[in-house]
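Chemist: I have a structure I would like to understand better, so I am pasting it below and will then ask my questions one at a time.
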Amino acid sequence: MIQQHATWVERLQRREASPYPEIWNILDQVKDPEIPVISLWELGVLCDVSYESGNYVISITPTYSGCPAMETMRSDVISTLAQAGINEVRVRTQLAPAWTTQNLSPAGKAKLQEYGIAPPDPEACGSCGLTPDAGIKCPRCGSLDTQRISEFGSTACKALFQCQQCLEPFDYFKHI
């Protein structure tokens, strides 16, 4: 069972208390452009929905500074809302508090695993925030006999590992 962190619970409570549930529900359709099986909400990038000066303001935060997918995410948020007939929209990039893997939803972590990306594992690195050299569970066969090949995988927020049992390479979403 994937543990729910206080950060995730706080995000969920903010969403559930929002006066704009219809906007949140529409935004559930917006997928991460780099991992198309996970929504911006599940990834923890979608932070808040508010209404200011006649516009819905959608707050998103990058998984790391300089994330190249932010402009695509912004565009996808605006496009998805426009398709639902909501055109008065601003997307705000929120840098504080900084994104952390604790923002990931339990469903998001499960979807990463099913997609073949090992979800962040704070216990594998002693909650140090650094990617370990080994011991990340292979998302394909479940073995812990894995080895880091590269600090960077398909994107900077992931490291590349290889399973020593099934010999398959896989991305590990770094614990931050």
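Chemist: Among the residues of segment 22-31, is any among the polar types (S, T, N, Q), in contact with a helix residue (DSSP H, G or I) (Cβ under 9 Å, 6 or more places away or on another chain) and surrounded by fewer than 20 Cβ atoms within 10 Å (Cβ to Cβ)?
Modeler: Scanning segment 22-31, I find at least one residue that is among the polar types (S, T, N, Q), in contact with a helix residue (DSSP H, G or I) (Cβ under 9 Å, 6 or more places away or on another chain) and surrounded by fewer than 20 Cβ atoms within 10 Å (Cβ to Cβ), so the answer is yes.
Chemist: Name the one entry in Ser59, Ser105 that is among the hydroxyl-bearing types (Ser, Thr, Tyr), surrounded by fewer than 21 Cβ atoms within 10 Å (Cβ to Cβ) and modelled with pLDDT of 95 or more.
Modeler: Ser59
Per-residue answers, yes or no, for (1) closer than 29 Å to Asp28 by Cα; (2) surrounded by fewer than 16 Cβ atoms within 10 Å (Cβ to Cβ); (3) among the hydroxyl-bearing types (Ser, Thr, Tyr); (4) at pLDDT 95 or above:
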{"site": "Asn87", "(1), (2), (3), (4)": "yes, yes, no, yes"}
{"site": "Thr101", "(1), (2), (3), (4)": "yes, no, yes, no"}
{"site": "Cys141", "(1), (2), (3), (4)": "no, yes, no, yes"}
{"site": "Cys157", "(1), (2), (3), (4)": "yes, no, no, no"}
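Chemist: Got a sec? Which strands (runs of 3 or more DSSP E) wholly within segment 134-174 have at least 1 residues that are within 17 Å of Glu34 (Cβ to Cβ) and under 17 Å from the mean Cα position of the chain (by Cα)?
Modeler: By residue number, 158-163, 169-173.
Chemist: Here is a list of conditions, (1) in contact (Cβ under 8 Å) with a residue 60 or more places away in the chain; (2) buried (at least 21 other Cβ atoms within 10 Å of the Cβ), and His5 meets all of them except one; can you say which number that is?
Modeler: (2)
Chemist: State which residue pairs qualify: first residue not assigned by TED's automatic domain parsing to the domain that holds Val45 and inside segment 68-79, second residue modelled with pLDDT of 95 or more and part of a helix (DSSP H, G or I) in any location, beta carbons under 9 Å apart, and separation of 6 or more residues or different chains.
Modeler: none
Chemist: For segment 13-31, what are the residues that are in contact (Cβ under 8 Å) with a residue 12 or more places away in the chain and aliphatic (A, V, I, L, M)?
Modeler: Ile23, Ile26, Leu27, Val30
Chemist: Do we have Gly44 as surrounded by fewer than 18 Cβ atoms within 10 Å (Cβ to Cβ) and on the phi > 0 side of the Ramachandran plot here?
Modeler: no
Chemist: Let me ask something else about it. Is it the case that segment 54-76 has a residue that's of a type in the set (A, V, I, L, M, F, W, C) and closer than 13 Å to Phe173 by Cα?
Modeler: No, that holds for no residue.
The values are calculated or read from the model by the stated rules, or taken from the named source; none is laboratory data. Since we're looking at a predicted model, the values are computed, not measured. A quick note on method: Cβ atoms are made from the backbone with ideal geometry, for glycine too, and the neighbour counts reach across all protein chains shown.
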